[in-house]
Amino acid sequence: MQELITPPDWSREKIVADVAHDYGVSEEMLSHSKTRVNFGDTPIEVAKRALTNLQVKVVDETSSLMAMRDAIKNLEPDSDDFRRKIDDLSWEYAASLKTIDMANLSQLVVRRANLIDVLDMAVNEGLSVQSSLPDGKRRRNEALIHNIFFPMRKDSDEVSDHDVWLLSEEYHYYDYIASDKPLSQIKWDGGQNLFDADIDEEVSKMLAKISDENSAGRPDIALFHEEGSVVIVEFKSPGVSLDEHVGDLTEYATMLAAKSNGRLKKFYGYLIGDTVNPIRLQGYNKLPGANGFFNTSDIKEPTSQVAIGQLYSELIFYKDVVDRSRKRIDVYRERLKLPKN
């Protein structure tokens with residue numbers, strides 16, 4: 001009966017390859033979890049068995065790790081077999097960590113790969129939700145892209161599940177991240193307000209002069225580090241030319257520096273979109289190996305022209321963000337011996 005319902009072109013090699021590509025379960029993981037590929041199996045059946053087996057091993061080996069802690073506590077350094085026991089426990093500990101690390105890393109790779117695909121489709125207006133937006137579609141596209149990186153109108157005190165790693169892995173671990181939140185609510189060391197109380201009003205006035213669309217009065221995403229550095233991220237809808245908004249980053253950085261009472265001095269600004277007119281860019285250089293541009297400039301107090309900080313800014317394309325993210329994922333895929341996209 002099995003032979004009658006099995007496709008004639010069934011191949012174990014193809015099933016193993018599909019399981020690795022679609023579900024992040026490599027052949028090494030199949031072997032480690034003692035998962036057999038039976039004749040007639042589909043990729044989803046094999047993946048389910050492998051992940052179930054891995055979960056059981058993770059639970060068993062987590063219990064084993066806890067038992068090892070007790071074993072370590074009971075070691076006697078002056079006994080003849082002390083060093084042999086240390087060696088044995090070390091090998092056992094390493095083997096247990098391999099299973100846990102393998103399962104967690106596999107899930108991370110698949111999740112991030114899926115998220116990159118969502119971003120790619122959102123940028124190219126390929127999501128189903130984007131086909132049913134008759135009015136204000138351009139602004140809606142920007143909001144969808146924004147939420148992929150970090151939920152709008154939230155901060156890192158409210159949510160820990162975000163994906164600013166798409167921009168840079170190190171930004172994922174900044175001390176505080178605000179996404180379209182009032183700047184006056186941001187706290188610094190000891191719970192003190194980081195900015196002067198009137199900052200939101202002042203930024204709103206500034207942005208109202210730039211564009212009615214930006215009158216909300218705060219950066220799309222702002223990341224703060226206790227050393228006094230800030231990352232400002234501004235998303236632009238597909239079709240909006242980035243050269244029309246290069247001044248936004250400078251104005252943001254100037255306002256944040258002036259209203260932070262000297263706490264913030266180093267600024268990194270990112271303007272992200274898919275269109276730019278290089279002829280209109282002054283003082284920007286081409287990014288090596290990418291389609292974007294970068295610039296470094298002093299931030300000056302508007303009246304006295306005294307330098308109050310420095311801004312490094314990049315104009316980058318969504319395509320490059322997607323490509324960079326995929327390359328970082330490929331590092332994990334290589335470790336798990338998974339095929340690259």
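The values are calculated or read from the model by the stated rules, or taken from the named source; none is laboratory data. Model, not experiment: these values are computed from the prediction. Glycine gets a Cβ as well: all are built from the backbone with ideal geometry, and neighbour counts include every protein chain shown.
Please verify whether region 64-72 includes one or more residues that are modelled with pLDDT of 80 or more, of a type outside the set (Val, Ile, Thr) and under 23 Å from Ser106 (Cα atoms). Taking every residue of region 64-72 in turn, none turns out to be modelled with pLDDT of 80 or more, of a type outside the set (Val, Ile, Thr) and under 23 Å from Ser106 (Cα atoms). Being of a type in the set (A, V, I, L, M, F, W, C) and either under 20 Å from the mean Cα position of the chain (by Cα) or at pLDDT below 85 (or both) holds for only one residue in Leu336, Leu311, Leu281, and it is Leu336. Taking every residue in region 152-169 that is in contact (Cβ under 8 Å) with a residue 40 or more places away in the chain and pairing it with any residue that is in a strand (DSSP E or B) and aromatic (Phe, Trp, Tyr), at least 6 positions away or on another chain, the pairs with Cβ-Cβ distances below 8 Å are Leu167/Tyr270. Specify the residue that is farthest from Lys319 (Cα to Cα); the eligible residues are those in region 158-179 that are assigned to a loop (DSSP other than H, G, I, E, B) and charged (D, E, K, R). Here the answer is Glu158. Hey, can you tell me all the residues within region 156-167 that are surrounded by fewer than 18 Cβ atoms within 10 Å (Cβ to Cβ) and in contact with a helix residue (DSSP H, G or I) (Cβ under 9 Å, 6 or more places away or on another chain)? Scanning region 156-167 gives a single hit, Trp165. When Gly273, Gly239 are checked against the criterion of being among the small types (Gly, Ala, Ser), under 22 Å from Ala122 (Cβ atoms), in the same structural domain as Ser297 (by TED's automatic domain parsing) and buried (at least 23 other Cβ atoms within 10 Å of the Cβ), a single residue qualifies: Gly273.
Candidates Asp78, Asp41: the one that is of a type in the set (Asp, Glu) and either surrounded by 13 or more Cβ atoms within 10 Å (Cβ to Cβ) or at pLDDT 75 or above (or both) is Asp41.
Among the residues of region 50-58, not a single one is assigned to a loop (DSSP other than H, G, I, E, B) and either modelled with pLDDT of 70 or more or within 28 Å of Leu166 (Cα to Cα) (or both).
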